[in-house]
Amino acid sequence: MRAILSAVAGGAFAALATLSPPSHAEQAGLYFGADVGLFDFDLPGKLSELQACSGGSCSDIESPSYDDTNFRLSGVVGMGLTEMLRVEAEVFFDIDTASGSEQQEQAISASVSGDVRTYGVMLNSWVDLGAGTTWGIYGGGGAGMLFADTSHRIVDRATDALQGSGDGTDTEFAYQLGLGMHFQGWHVGYRFLKTGDLNDYGEVTQHVLLVGLRMW
């Protein structure tokens, strides 16, 4: 499934590139953009409000830890305030779902599995060096909100569902730092994104590698 979605997204991105040739340099004025990338999704897991209950006996359950690589699409609209400074609004969403599983050895012997899907909006500011030349580098960061859909299922050794399974949503403040290189409207970049405490799962950390196109 990941390969199919990647191929579809790549084809759409290539079509966008052919319809709107990139400019020869970053510049002042309104611009639009699209990015595709891979990110490493990390949630540490923690002893939390998740509980397994059976026969009137309950125990705290540690949420799953996640360490997964997923596929991301994002779009931006921005304004070049000067040849060196630009600001932009960014929206991103994930194609795949990060999944994790933990075995519990507590008052109730159980395992917990879960899924997390994230979306986000950010306001970014970037400084371009070499904006008036063919090649250039940029750096900066931004802040915004990350939205997450979470689900977890708690089962005992007999694979019977225990009270405590469920779905949830959460919204957390997020910030990111980034740097990259651009060439005639194309760019490659790296982002480090961090959020607050997501539901019962811990703080989200993402390392993102992406390639994108800016159309002025």
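The values are calculated or read from the model by the stated rules, or taken from the named source; none is laboratory data. What you are looking at is a predicted structure, and each value in this text was computed from that prediction instead of being measured. When we count neighbours, we look across all protein chains shown, and the Cβ atoms used for this are built from the backbone with ideal geometry, even at glycine.
Within the range 177-216, the residues that satisfy the criterion of being basic (K, R) and surrounded by 20 or more Cβ atoms within 10 Å (Cβ to Cβ) are R191, R214. Kindly evaluate Y175 against the criterion of being at pLDDT 75 or above and out of contact with any Lys or Arg (no Cβ under 8 Å at 6 or more places or on another chain). Judged against the criteria, Y175 is not a match.
So that you can scan it fast, the table gives a plain yes or no per residue for (1) part of a loop (DSSP other than H, G, I, E, B); (2) touching a Phe, Trp or Tyr at 6+ places or on another chain (Cβ under 8 Å); (3) surrounded by fewer than 20 Cβ atoms within 10 Å (Cβ to Cβ); (4) modelled with pLDDT under 85:
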residue: E49; (1), (2), (3), (4): no, no, yes, yes
residue: D67; (1), (2), (3), (4): no, yes, yes, yes
residue: L73; (1), (2), (3), (4): no, yes, yes, no
residue: E83; (1), (2), (3), (4): yes, no, yes, yes
residue: F92; (1), (2), (3), (4): no, yes, no, no
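Quick check: is even one residue across the range 27-38 more than 30 Å from V112 (Cβ to Cβ) and at pLDDT below 75? Checking the range 27-38: at least one residue is more than 30 Å from V112 (Cβ to Cβ) and at pLDDT below 75. Across the range 193-205, the number of residues qualifying as part of a strand (DSSP E or B), in contact with a Ser or Thr (Cβ under 9 Å, 6 or more places away or on another chain) and either of a type in the set (G, A, S) or farther than 14 Å from F173 by Cα (or both) comes to 1.
Tallying residues that are under 30 Å from W135 (Cα atoms) and at pLDDT 90 or above within the range 183-205 yields 9. Summed over the range 105-127, the residues that are at pLDDT below 90 and crowded, with 21+ Cβ neighbours inside 10 Å give a count of 6.
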